[in-house]
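Take a look at the structure below.
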């Protein structure tokens, strides 16, 4: 039963993402990602957007208004929902290959599906990205490569008391 719910949730998330892309592409704004949280009577949809120079409240309002109309018309969500549009923040998620290319030379947090060198969570420097492979380096100088397919979650990591970039 849980797998059916997960599959439905992923399908709805994908539909919302495609609809959101029509709005953001039309506005010249980057769609960073969409998170759909089904929750009985009131689900939640969070849309993350970005643009050069940063996102302002007016950008969020405009995307919210436009996307809200499309979601109301297309009706992909089986219950009532709250729609939130937000900046991805300083520790933005990294989801697409272009995200890893763009943020090469930054520290990132990575969670993998399976253990690598005995662990699944890493805070590392993104040294290189090529094809679908990341070359990562720890502060101790240990380097390793992992495939995008092995990554469950990745985010930029802001280091207040240390190097943010190399």
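What the table below lists for this structure:
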quantity: Label of the coordinate-derived value, percent of Cα pairs over 21 Å apart, listed as (1) 65; (2) 60; (3) 54; calculated: (3)
quantity: Mean separation of Cα contacts under 8 Å (6+ apart) over length of segment 1-141, as relative contact order %; calculated: 17 percent
quantity: For segment 122-147 versus segment 1-74, the gap between their alpha-carbon centres in whole angstrom; calculated: 30 Å
quantity: Mean residue ellipticity (222 nm) of the chain, computed from DSSP H runs ≥ 4 via -39,500 (n - 2.57), nearest 500; calculated: -10000 deg cm²/dmol
quantity: Relative contact order (%) - criterion: Cα under 8 Å, at least six apart; region: segment 97-156; calculated: 35 percent
quantity: Ordering of 89-95, 141-147 by packing [mean C-beta count within 10 Å, highest first]; calculated: 89-95, 141-147
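Where a number appears in this text, it was derived from the coordinates with a stated rule and is not lab data. Here the structure is a predicted model, which is why all the values come from computation and not from measurement. Don't worry about glycine lacking a Cβ; one is built from the backbone with ideal geometry, like all the others, and counts go over all protein chains shown.
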